[in-house]
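Written below as structure tokens is the structure these notes are about.
The values are calculated or read from the model by the stated rules, or taken from the named source; none is laboratory data. Note that the coordinates shown come from a computational prediction; the quantities given were computed from them, not determined experimentally. When we count neighbours, we look across all protein chains shown, and the Cβ atoms used for this are built from the backbone with ideal geometry, even at glycine.
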């Protein structure tokens, strides 16, 4: 995994799994959701700042250990927060959690467009 780009807001995280059996490379832009949108999500979902930062890093495809290292917290804390959020939002795993967050953001965009 590598990172490319200038400022942190412009960095791109590139995940390149082995390209066997039809796998494809995935590029995630770290600035795909603006600070204002993260704030809207935080308020809409009732997330604490800690929970928001963990979800933001999940969105970027980071592991529990990477998140813990970046935030100077224990991996167990990350796992506990992710499990609580999954229960709270009625989802089964971190991928569904991120999709739920994106759905809430999409609904906000649709409401703004009306």
(message) If the requirement is being within 15 Å of residue 105 (Cβ to Cβ) and at pLDDT 55 or above, which of these qualifies: 79, 42, 57, 74?
(response) 42
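Residues are listed down the side, and each one gets a yes or a no for (1) touching a helix residue (DSSP H, G or I) at 6+ places or on another chain (Cβ under 8 Å); (2) without any contact (Cβ under 8 Å) to a residue 24 or more places away in the chain:
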| site | (1), (2) |
| --- | --- |
| 40 | yes, no |
| 50 | yes, no |
| 56 | yes, yes |
| 60 | no, no |
| 70 | yes, yes |
